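See structure below.
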Amino acid sequence: QVQLVESGGGLVQAGDSLRLSCAASGHTFSSYAMGWFRQPPGKEREFVAAISWNDVRIYSEDSVNGRFTISRDNAKSTVYLQMNSLKPADTAVYYCAADMNLGLVRRRPGSWGQGTQVTVSS
């Protein structure tokens, strides 16, 4: 498995923005698809967004409405999740994930980070 470390979470107010980062090591980053998932309190882990080696992107219905954007910087071996107009319902532990293609990342990725907490207050 590739090693993944998330950062950028925290406590913010509704309407604010955050950018999550996920730094990868142990593989050729540019060859991997990357993704973001989240797990709200008391709920199952759910898919948020993913990006392929050639910048093809897929989003959940919540993120595809324009509030969230996934991107990657292969020179820094890092994937980002820009989150705008945050709502209390976005409160969750956010996890970075990696695998060889978008299908694998979306369904059951082989590598996971430890998660970073995002809390949005009213």
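The values are calculated or read from the model by the stated rules, or taken from the named source; none is laboratory data. Keep in mind the model is a prediction, meaning the values are calculated, not measured. Virtual Cβ from ideal backbone geometry, glycine too; neighbours counted across all protein chains shown. The area values use the complete protein model at the heavy-atom level, side chains included, leaving out ligands, DNA and RNA. Shrake-Rupley method; radii C 1.70, N 1.55, O 1.52, S 1.80 Å.
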Of all residues in the range 85-122 being under 19 Å from Pro40 (Cβ atoms) and polar (S, T, N, Q), which is most open to solvent (accessible area, probe 1.4 Å)?
Ser122
Scanning the range 39-74 residue by residue, the ones that are touching a Phe, Trp or Tyr at 6+ places or on another chain (Cβ under 9 Å) and without any contact (Cβ under 8 Å) to a residue 12 or more places away in the chain total 3
Sole miss for Glu44 among (1) at pLDDT below 95; (2) under 18 Å from Pro109 (Cα atoms); (3) of a type in the set (Asp, Glu) is condition (1)
Pick from the range 73-84 the residues that are open to solvent by 20 Å² or more (accessible area, probe 1.4 Å) and at pLDDT 95 or above: which of them is nearest to the chain's Cα centre (by Cα)?
Tyr80
How many residues are assigned to a strand (DSSP E or B) and either within 21 Å of Gln114 (Cβ to Cβ) or among the β-branched types (Val, Ile, Thr) (or both) when one looks only at the range 29-72?
18
Using the structure shown, decide if Phe37 is more than 11 Å from the chain's Cα centre (by Cα), closer than 17 Å to Cys96 by Cβ and not small (Gly, Ala, Ser).
no
Taking the stated definitions as given, is Glu61 charged (D, E, K, R) and open to solvent by 50 Å² or more (accessible area, probe 1.4 Å)?
yes
For Ala49, are the conditions met, namely being under 19 Å from Arg107 (Cβ atoms) and either polar (S, T, N, Q) or in contact with a strand residue (DSSP E or B) (Cβ under 9 Å, 6 or more places away or on another chain) (or both)?
yes
